[in-house]
Amino acid sequence: MKFTIEEFISQLPLKADEKWKEGVWDIEAFAKDGMRVVFFAPRATDYQTSHEDDEFYFIVRGQGHIVIENHRFPCENGDAFYIPAKTEHHFEGFTDNFATWAVFF
């Protein structure tokens, strides 16, 4: 199976609406045996906090910062971040074209 950024970007709206609230722009691309791959392209504000699963973020477009338990790290295309389950985190100061794959396991 192949998943492309363009495939999932085309499924996102051009602006927030009732279904796509500000900051909550993600699409589950794949799930199997407790592992999920999600395409995440937040807009304006990222409201996420923590998750019940471990996860990896693979930054595929843009740049910004990821805040992991009050530690702020720059992130850009090509970077990867591991976030343990139940760890507070979110993105901030990201560019309009920011996008990442998130792998939950």
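Structural remarks
- Residues satisfying the stated conditions in the range 52-80, i.e. over 14 Å from residue 40 (Cα atoms) and either of a type in the set (Phe, Trp, Tyr) or in contact (Cβ under 8 Å) with a residue 60 or more places away in the chain (or both): 73
- Identity of the residue in the range 60-105, assigned to a strand (DSSP E or B) and polar (S, T, N, Q), that ends up nearest to residue 30 (Cα to Cα): 100
- Count of residues meeting criterion [surrounded by 11 or more Cβ atoms within 10 Å (Cβ to Cβ), under 23 Å from residue 53 (Cα atoms) and at pLDDT 75 or above] in the range 6-42: 16
- Boolean, residue 43 is assigned to a loop (DSSP other than H, G, I, E, B) and farther than 15 Å from residue 101 by Cβ: yes
- Picking from residues in the range 62-100 that are farther than 26 Å from residue 6 by Cα and of a type in the set (Asp, Glu), the one that is surrounded by the most Cβ atoms within 10 Å (Cβ to Cβ) is 88.
The values are calculated or read from the model by the stated rules, or taken from the named source; none is laboratory data. Only a predicted model underlies this, so the values are computations on that prediction, with no experimental measurement involved. Virtual Cβ from ideal backbone geometry, glycine too; neighbours counted across all protein chains shown.
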